[in-house]
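Note sheet for the following structure.
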Amino acid sequence: MEKYSGKKICSGVAFGKIKFYSKEENQVIRKKIKNPEEEILRYEIANKKAIEELGELYQKAVKDVGEVNAQIFEIHSMMLEDDDYNNSVYNLIRSQLVNAEYAVAITGDNFAEMFGHMEDEYFKARSIDVKDISERVIAILNGVATNTKISNEAVIIVAEDLAPSETVQMDKDNLLAFVTRLGSANSHTAILARMMTIPALVGVDIKKEWDGQTAIVDGYTGTLIISPDEDTLDKYARIHQEDIEKRTLLETLKGKENITLSGQKINLYANIGNSTDLASVLQNDASGIGLFRSEFLFLEKDDFPTEEEQFKVYKQVVETLAGKKVIIRTLDIGADKQAAYFKLDKEENPAMGYRAIRICLTRPEIFKTQLRAIYRASAYGTVSIMYPMIISVNEVYKIKEIVEEIKAELDRDEIPYGEIEQGIMIETPAAAIISDILAKEVDFFSIGTNDLTQYTLAIDRQNAKLDDFYDSHHEAILRLIQLVVNNAHKEGIWAGICGELGADLTLTQRFLEMGLDEISVSPGCILPIRKIIREIK
Amino acid sequence: MKSFNYTIQDEIGIHARPAGLLVKESKPFTSTIILKVDGQQSDAKKLMALMALGVGHGAEITITAEGDDEEAAITKLEAFFKANL
């Protein structure tokens, strides 16, 4: 048994035989031709066929991985329509009287080299795209069907590197996992693997002799195990079984409504902490995003993210959800979430300190940048905003003033934006108790049970000594939730839960009885909750 | 001839996706449309050439259009850059 580690791209486990995949390098032989126009015609037919194939690939990718990620194949077909690329092929055929295969190979190499020499890493990486399209045309010219059947049995694909088209083309039924030496976590291939939810590792020191050996790919830890022993196999068989059970659940519940046997409906939304979570939001069939934690944009950086950087991420999320609701929570930093460049003082009691909306209201430049970015993104779908750590109605007034300023600025600059629902988190006992007043001022409530529990019970969740005292089902919490729901409904607004308690399956029935309108949980919890809802009388 | 200047806001610059979109936007116009940056230039209807310019974040570019529909081309492309780049 040997273990290798790599960078994990997509979680899950797989075990099976390794198939070492090497590109069938299309042998290109330089041949002299007599009739260049005939050869150009051959090229044009192959080029057209390649564009057709890419069109089909695009359609397949839209289905498998979503439109935004599929666009790379549109770019590929545009590259094949590019005048400079085609003229280079024509010139080589005409001036050197060579066969089309050779002309394409040389053209592809030249363009790939041109990109390869660029300074910027992003543009450098485009050389693989040029190679990819050139190889496709050559394969067609050679009469070699592009290989979509990788094997007759399910295999783990091990390769130096995989082009995006190779990744999507592979027959998914026989594909257990990907392991490559090259490729980064942000490459198109990595994104595609993630969207296809196939366990994948990159940066592994692969060996050709693994071909045919049994292996385990652990996408949770980023480990590849070659020739695992019995115990290890058993362990992974169990994890795999659980994964399969989950997937079966997913299959039967996908597309179904969140409705009880007596007809009560509830929205099940997803909590996400990063745009990389989007794939699992779609796979788990969330009706929307109930909590988009915007902190990651700030925590991943060494300096404040610009409006433009934020806008791009929000827009991507909003576009991917295609009209479904996306509730973005404004910056909730401070306490356990720190970024050095905020230069926050060390506090005695950070959970009750300078954090979340308190930072936003005292440092409005940070807040306004974020609000502008969110408002701009709202033009691309359905966006709601919610504000964390509210304790008073005055805070809501201040927020509303700032929101009005932002809207006036955008109007003045003629920048489009959509209607945005304004909501607050109910995560302090104060907010829960005055929720009757707050309900008059906002469009919705989302109850953050983690903080609400910690503040109500006066128990620090980080302190393990207190575990015996901690009771997440404490009657005080459940009564506060009921109070918030009642007060929301009195004013005709909706109320949901976005804390960990929402995923507690033993409370799902109680939540429905309370009249909650929405539950937002991590994507993986959606289908199990849907299952329970559909069994409730 | 009509033209406008623009500073690229996008973090990566004119990468594959916006370059593809720019070509798509430019192609319907009969005018010759040129993108200039740092003394280099490319036909805005040519994807590879555009990408080869490696236009990055903060680059100051000039778009010129010359032909029968130059006015419309400039209006459309200026809006395109503002919205996408």
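Quick note: the coordinates plus some simple rules give every number you see, no bench work behind them. As the structure is a computational prediction, the values presented were derived from the model and not from experiment. Positions of Cβ are generated from backbone atoms using ideal geometry, with glycine treated the same way; all protein chains shown enter the neighbour counts.
Highest mean first, how do A:47-55, A:369-377, A:391-399, B:45-53 rank when packing is the count of other Cβ atoms within 10 Å averaged over residues?
A:369-377, B:45-53, A:47-55, A:391-399
Set the bar at 27 Å for Cα to Cα. Now go through A:K407/B:K36; A:K337/A:K531; A:K7/A:K246; A:K48/B:K27; A:K49/A:K315 and name every pair that lies beyond it.
A:K407/B:K36; A:K337/A:K531; A:K49/A:K315
Would you kindly calculate the translational diffusion coefficient of the protein assembly as shown, applying Stokes-Einstein with the Kirkwood radius from alpha carbon pairs, for 37 °C and a viscosity of 0.692 mPa s, and quote it in µm² s⁻¹ without decimals?
120 µm²/s
Once Lys and Arg get +1 and Asp and Glu get -1 on their Cβ, which of A:G448, A:L253, A:N91 lies farthest toward the positive end of the dipole of chain A?
A:L253
Relative contact order of the stretch A:36-141, please, whole-number percent, based on alpha carbon pairs below 8 angstrom and at least 6 residues apart.
31 percent
Taking H placed 1.01 Å from N in the peptide plane, check which residues at least 5 places from A:C10 or on another chain put their amide H under 5 Å from its amide H.
A:A200
Restrict the search to the stretch A:274-358; then list the GluC sites (Glu not before Pro) that DSSP places in a loop and that have at most 16 other Cβ atoms within 10 Å of their Cβ.
For GluC sites (Glu not before Pro) across the stretch A:274-358 that sit outside H, G, I, E and B with at most 16 neighbouring Cβ atoms in 10 Å, the list reads A:E300, A:E347, A:E348.
Quick one: give the max-minus-min coordinate of the C-alpha atoms of the stretch A:36-141 along each principal axis, largest first, in Å.
Largest to smallest, the principal-axis extents are 43, 33, 20 Å.
Which of the trypsin sites (Lys or Arg not before Pro) across the stretch A:181-283 are loop residues per DSSP, with 14 or fewer other Cβ within 10 Å?
A:K254, A:K256
By its C-alpha gyration tensor, with a ≥ b ≥ c as the square roots of the eigenvalues, how is the stretch B:1-52 shaped: rounded for a/c under 1.5, else prolate for a/b larger than b/c, else oblate?
Taking the square roots of the gyration eigenvalues as a ≥ b ≥ c, the stretch B:1-52 is oblate.
Using the alpha-carbon atoms, what tilt in degrees (0 to 90, nearest 10) does helix A:127-141 show relative to the longest principal axis of chain A?
Result, in degrees: 50.
Would you mind checking the tilt of helix A:307-320 against the longest principal axis of the Cα atoms of chain A, expressed as 0 to 90 degrees and rounded to 10?
Value to nearest ten degrees: 80.
Using the Karplus curve 6.51 cos²θ - 1.76 cosθ + 1.60 with θ = phi - 60°, work out ³J(HN,Hα) for each residue of the stretch A:206-219 in order, rounded to whole Hz, and write x for Gly and Pro.
So the Karplus estimates, Gly and Pro as x, are 6, 10, 5, 6, 6, 3, x, 7, 7, 8, 10, 10, 9, x Hz.
Relative to the longest principal axis of the C-alpha atoms of chain A, give the angle of the C-alpha long axis of helix A:67-80, reported between 0 and 90° and rounded to the nearest 10°.
20 degrees
Pairs of Cα atoms under 8 Å, at least six residues apart: use those to get the relative contact order of chain A, whole percent.
14 percent
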